[in-house]
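J.: Pasting a structure below so you can have a look.
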Amino acid sequence: MKKWVSFAINWLAVLILLFLFQKGVFLLYFFNKTSSLSIEDIIGVFMHGLWLDISLSCYLITLPFIFFLFQVLFEKKLMSLFFKIYLPIIFFIIGLLFVGDLGIYENWSTKLNVRAIQNILNPKEMMASSGASPVWLYILLIIIHVIYGWYAALYLSKRKFATTIGGIRWLNIPYFILISGFTLLGIRGNIGVAPINESSAYFSKNMFANHAAINTTWYSIQSIVNIKKYRDNNPYLYMDEKKAEAIVGYLFTEKNDSTTHLFKSENPNIIFIQLEGFGADVVEGLGGKTGLTPQLGKLIKEGLLFENIYASGFRTDQGLVAILSGFPAQPNVSIIWNAEKQEKLPTITKNLNSVGYNSMLMYGGDLSFSNFKAYAFTNEFNKIISQEDFPVLSKTTKWGVDDGKMLEKAIEEISSLQTPFFSYLITLTSHEPYDIPEEPHFKEEGVAAKFMSSIYYVDQEIGKFIETAKKKPWYKNTVFIFCADHGHRYPYNREILMPGVHHIPLLIWGDGLNDQLTGKRIRSYGSQTDIASTLLNQLNINSTEFKWSNDLLNFARKNYAYYSFDDGFGWVSPSDTIAFNNYPPQLIFQTNTNRSEHPCIDTAKAYLQLLYDAYLKY
């Protein structure tokens, strides 16, 4: 019995020391956030995360227990060899997940989940994003994990239980069963009906402290295990279905009373430019930092700006679907990943093609990323251009072709289209690692400066693109629509769940725009999902299939915007704005602190419940 107990205690000690080390590194890596924590919070990170550490340790002890039993029963001295193979491999995987968590949290403010794993395990995504991160530190941390695993193996292999058999072999079976019972209890974390979950690590009103306490490997594994639940069942059943339908139905009850005409002609050419990571924080005209987007600032003075538009999600794949299909982003999953589902979505492009538009999509990167290619074909673009259609030497960034070269080619390709045309251009240079084909405009050190330089570069290239377009014969009957795919935590290093991160520009500009709207601003609230109905209604094309889209020019409509983040949602309106974490249920942001209750939480819950039902039914 002593051997079994000794085995369990030594194993737990080895692993828990590693997990405590990870928590310390996490706090140091994000020192700017840690510095705002109290001493009690810092201690709480280590104490409250302990149960998840024990739970994972008990998971990882299962295979060694089986080997140990085999050694005891058959007197095969395999434990020493087993430890020397098992521990370095396991610790390498744990280290890989840990550095992935550091990178993901730095950009998304979320722990490493199945959505993030899907992206970082994509070699192109991982390589492209690595330039914005301290890669050598990550490599060092992985090496430290492997070295620690090796020395832990040497330590455990020298313990008495690893080399000595002795005793009556078959009497060890009851010990195995007994210790296995305690191991199962450690995995579950309690003797109740519900097993342990990440909420056991939550202890503070500061979300960063809670995230620091969560064991990264445990959370990642649990996220993978739970993905089937999110794919096959609605985890957001907050209320009776009829009540949810009544609440959401009220948001879409008003008829279109718009008398505003955006365009001079019935069928203008449309160039839609999806701007990578251009949140309102980089647009001075929306209260953002000055000097980052002077070219866009000029266009704002001459165009129609929608001041209060919010990105539906925080990833490009979510923004793409929200804009072209008017379908809001869901927490934890993305409909674009599922070809069968996304093929059933309505799309702007199909509707425009049906009335004689010639459509083109251009992206300087790899369209296979996040299933973009399948979605592009679902949209039935007449012409699809990606990095494969550029000369090899044009690929100057880790993502592919820089936006300057992409926009140059766009002019050529657009000029070859018959009018009227719909051209959808997707920028990429302002995506991490923010590498640009010129000297950075901002010379400071750090990721924020690199991001700002990439934004400035893209803005300058847009200015050049516009000046070239003005010389083309198709320009007079063309409108340009600028909208971000999502916002960004920089330049102000905001938390991804904050409404300000999701605030984005939506600008309509060009000679095809009604002269009476030049320099005007629309202050009502809306989402990327509202672009579909707004645009199609202006072109007298039926938009009823876009059930989640409102006409932004219907001023009798309800004034709101929904957005999602990992396992949470936000709701923005003139009277009240909130961000809500689903698990554990917690209001994590509010603008109106004078309110003891926020009716918009129930509205947002009903919205998400029916949205997820719609996702499952596609």
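J.: Farthest toward the dipole's positive end in region 367-459, which of L367, T378, T397, given Cβ charges of +1 (Lys, Arg) and -1 (Asp, Glu) about the Cα centre?
T.: Looking along the dipole axis, the top candidate is T378.
J.: Could you check the simple spin-label distance between K476 and W150, using points 7 Å along Cα→Cβ, in nm with one decimal?
T.: With each label point 7 Å from Cα toward Cβ, the separation is 7.4 nm.
J.: Going through the cross-link list K242/K617; K298/K520; K558/K605; K111/K443; K344/K373, which pairs have a Cα-Cα distance over 20 Å in this structure? The partial results should precede the final answer.
T.: Numbers: K242/K617 17 Å; K298/K520 13 Å; K558/K605 17 Å; K111/K443 31 Å; K344/K373 15 Å.
Distance filter (> 20 Å) returns K111/K443.
J.: Add +1 for every Lys or Arg and -1 for every Asp or Glu among the other residues with Cβ under 9 Å from the Cβ of M452, and state the total.
T.: Summing Lys/Arg as +1 and Asp/Glu as -1 gives +1.
J.: Only loop residues by DSSP count here, and only those with at most 16 other Cβ atoms within 10 Å; note down the chymotrypsin sites (Phe, Trp or Tyr not before Pro) in region 544-580 that meet that.
T.: Here the chymotrypsin sites (Phe, Trp or Tyr not before Pro) that fit, given the DSSP loop and packing criteria, are F555.
J.: Using Cβ counts within 10 Å as a stand-in for footprinting exposure, how do S454, S157 rank, fewest first?
T.: Arranged by neighbour count, lowest to highest, S454, S157 become S157, S454.
J.: Moving to a separate point now. How high is the FRET efficiency between S416 and K289 when r is their beta carbon distance and R₀ equals 35 Å, given to the nearest 0.05? Walk me through the numbers before you get to the answer.
T.: Details: r = 38 Å, r/R0 = 1.08.
The calculated FRET efficiency here is 0.40.
J.: Could you sort out which of K264/K383; K350/K398; K398/K450 sit more than 23 Å apart by Cα distance in this structure?
T.: Table pairs above 23 Å Cα-Cα are K264/K383; K350/K398.
J.: Taking the Cα centre of region 445-507 as origin, work out the dipole magnitude from +1 charges on Lys and Arg Cβ and -1 charges on Asp and Glu Cβ, in debye rounded to 20.
T.: My answer is approximately 340 debye.
J.: Separate question: Taking the number of other C-beta atoms within 10 Å as the exposure measure, put D576, D551 in order starting with the fewest.
T.: Values: D576 18, D551 26.
Ascending Cβ contact count within 10 Å gives the list D576, D551.
J.: Then there's this: Check each of the GluC sites (Glu not before Pro) in region 265-325 and keep only those in coil by DSSP with at most 14 other C-beta atoms within 10 angstrom; list them in order. Mind showing how you got there, number by number?
T.: Values: sites: E266, E276, E284, E302, E307; in loops: E266, E276.
Here the sparse-neighbourhood loop sites are E266.
J.: Provide the packing ranking of 381-389, 528-536, i.e. peptides ordered by the mean count of other C-beta atoms within 10 Å per residue, highest first.
T.: On the way: 381-389: 17.6, 528-536: 26.6.
The packing order, highest mean first, is 528-536, 381-389.
J.: Rounding to the nearest 20 debye, state how big the charge dipole of region 322-445 is about its Cα centre with +1 on each Lys and Arg Cβ and -1 on each Asp and Glu Cβ.
T.: It comes to approximately 600 debye.
J.: Would you mind ranking L87, L616, L63, L393 so that the residue whose beta carbon has the fewest other beta carbons within 10 Å leads the list?
T.: Going from sparsest to densest Cβ surroundings: L393, L63, L616, L87.
None of the figures in this text is laboratory data; all of them are computed from the coordinates on show. All figures in this text were calculated on a predicted structure; none of them were measured in a lab. Ideal geometry is used to build each Cβ from the backbone, glycine not excepted, and the neighbour counts take in all protein chains shown.
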